[in-house]
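Throughout, read-outs are computed from the coordinates displayed, never taken from laboratory work. Predicted, not measured: the structure shown is a model, and the values here were computed from it. We place every Cβ from the backbone using ideal geometry, glycine too, and count neighbours over all the protein chains shown.
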């Protein structure tokens with residue numbers, strides 16, 4: 001007798017949860033899709049390289065230069081994305097392909113090579 005009551009309660013609970021899941025899932029599809037806002041201006045990428053002596057994690061670099069990024073955005077009137085580049089070889093390759101619009105590096109040898117080689 002107890003197992004029959006337990007099975008009935010279990011079946012009822014399972015059907016109730018399935019009904020609720022279908023109800024919430026169907027209501028999610030019924031909502032209007034929010035149109036994605038298209039940016040009027042493209043974002044520029046500001047690459048920061050602290051060099052080998054920096055020893056900072058990428059998140060530390062991003063936090064350190066956040067205020068500088070805001071000043072640049074205000075001056076340029078263009079939104080910026082900050083990228084912390086920790087490897088000098090990767091920075092050289094990215095500069096040669098034009099992956100970054102702005103680069104700030106210590107030491108400046110990578111930047112001097114970029115000016116010499118790419119104008």
Q: Note down the nm distance, to one decimal, between modelled labels 7 Å out along Cα→Cβ at residue 75 and at residue 90.
A: 2.6 nm
Q) How far is it, in nm, from the label point at residue 68 to the one at residue 118 when both lie 7 Å from their Cα along the line to the Cβ? A) 1.8 nm
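When ranked by the protection proxy of mean other Cβ atoms within 10 Å per residue, highest first, what sequence do the peptides 101-107, 62-68 form?
Final packing ranking: 101-107, 62-68.
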**Q.** DSSP bridge pairs, segment 44-118: antiparallel proportion in percent, nearest 5
**A.** 0 percent
Q | Relative contact order computed over segment 44-118 (Cα-Cα under 8 Å; 6+ residues apart), in percent | A | 48 percent
